[in-house]
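Peer 1: The structure follows.
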């Protein structure tokens with residue numbers, strides 16, 4: 001039995017973003033307990049040429065809502081990328097999940113062969129069929145940026161582990 005495009009995307013995005021929110025809540029609690037400004041974590045990057053946590057979270061959110069938007073034909077909300085604190089990042093994740101909750105499965109199902117053109121870098125675009133776009137671009141992109149956010153937090157001493165990444169609030 002095959003699975004639908006909506007079941008392969010919407011619940012996965014919402015679960016992973018929920019797990020990201022859980023990681024950020026733990027990071028804020030860590031900063032509060034250690035009595036340091038959480039902006040330090042929000043601006044941390046693993047390497048000089050990598051984005052900081054703020055952008056990792058923003059891109060994870062944008063990749064999930066962008067995919068749902070491109071597949072469904074619905075317009076996704078635009079966020080200003082002005083978050084500087086963990087609280088603001090948590091809110092961005094929450095807003096993204098709330099929007100994904102409004103996307104009807106019927107708008108995504110049947111888009112396997114839909115031609116999807118999307119940004120692929122600063123000045124480039126790429127075109128893929130819907131199923132390929134979901135499986136080989138959008139999903140890996142969401143996972144990459146959530147994993148990088150996890151690594152930034154873990155590197156900075158936030159008490160997170162694999163179960164937090166995989167199960168978030170259900171852990």
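The values are calculated or read from the model by the stated rules, or taken from the named source; none is laboratory data. In this text the structure is predicted, and so the values were computed from the model without any measurement. Here the Cβ positions follow ideal geometry from the backbone for every residue, glycine too, while neighbour counts run over all protein chains shown.
Peer 1: Yes or no: the stretch 71-89 includes at least one residue that is surrounded by 16 or more Cβ atoms within 10 Å (Cβ to Cβ) and under 13 Å from residue 153 (Cβ atoms).
Peer 2: Yes, the stretch 71-89 contains a residue that is surrounded by 16 or more Cβ atoms within 10 Å (Cβ to Cβ) and under 13 Å from residue 153 (Cβ atoms).
Table: residues versus (1) more than 30 Å from residue 131 (Cβ to Cβ); (2) touching a strand residue (DSSP E or B) at 6+ places or on another chain (Cβ under 7 Å); (3) in contact (Cβ under 8 Å) with a residue 40 or more places away in the chain.
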site: 5; (1), (2), (3): no, no, yes
site: 21; (1), (2), (3): no, no, yes
site: 42; (1), (2), (3): yes, no, yes
site: 48; (1), (2), (3): yes, no, no
site: 105; (1), (2), (3): no, no, yes
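Peer 1: Among the residues of the stretch 106-119, is there at least one that is under 19 Å from residue 53 (Cα atoms), surrounded by 16 or more Cβ atoms within 10 Å (Cβ to Cβ) and in contact with a helix residue (DSSP H, G or I) (Cβ under 6 Å, 6 or more places away or on another chain)?
Peer 2: No, because not a single residue in the stretch 106-119 is under 19 Å from residue 53 (Cα atoms), surrounded by 16 or more Cβ atoms within 10 Å (Cβ to Cβ) and in contact with a helix residue (DSSP H, G or I) (Cβ under 6 Å, 6 or more places away or on another chain).
Peer 1: Continuing with this model, one more query. With 64, 47 as the choices, which residue is out of contact with any helix residue (DSSP H, G or I) (no Cβ under 9 Å at 6 or more places or on another chain), modelled with pLDDT of 95 or more and either surrounded by 15 or more Cβ atoms within 10 Å (Cβ to Cβ) or not in a helix (DSSP H, G or I) (or both)?
Peer 2: Details: 64 fails: out of contact with any helix residue (DSSP H, G or I) (no Cβ under 9 Å at 6 or more places or on another chain).
Answer to the selection: 47.
Peer 1: Here's something else I'd like to know. What number of residues in the stretch 118-132 are touching a strand residue (DSSP E or B) at 6+ places or on another chain (Cβ under 9 Å), farther than 14 Å from residue 5 by Cα and free of Cβ contacts under 8 Å to residues at least 24 places away in the same chain?
Peer 2: Residues that pass the stated criteria total 6.
Matching residues to (1) in a helix (DSSP H, G or I); (2) modelled with pLDDT under 95; (3) more than 18 Å from residue 62 (Cα to Cα):
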| site | (1), (2), (3) |
| --- | --- |
| 110 | no, no, yes |
| 113 | no, no, yes |
| 123 | no, yes, no |
| 138 | yes, no, no |
| 143 | yes, no, no |
| 146 | yes, no, no |
| 160 | no, no, yes |
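Peer 1: For the stretch 88-98, does any single residue satisfy the condition of being over 16 Å from residue 7 (Cα atoms), in a strand (DSSP E or B) and either at pLDDT below 95 or under 14 Å from the mean Cα position of the chain (by Cα) (or both)? Break it down stepwise before answering.
Peer 2: Of the residues in the stretch 88-98, the ones over 16 Å from residue 7 (Cα atoms) are 88-96, 98.
Next, from what is left, pick out any that are in a strand (DSSP E or B): none.
No, every residue in the stretch 88-98 fails to be over 16 Å from residue 7 (Cα atoms), in a strand (DSSP E or B) and either at pLDDT below 95 or under 14 Å from the mean Cα position of the chain (by Cα) (or both).
Peer 1: Given the criterion touching a strand residue (DSSP E or B) at 6+ places or on another chain (Cβ under 7 Å), under 30 Å from residue 112 (Cα atoms) and part of a helix (DSSP H, G or I), identify the matching residue among 70, 55.
Peer 2: 70
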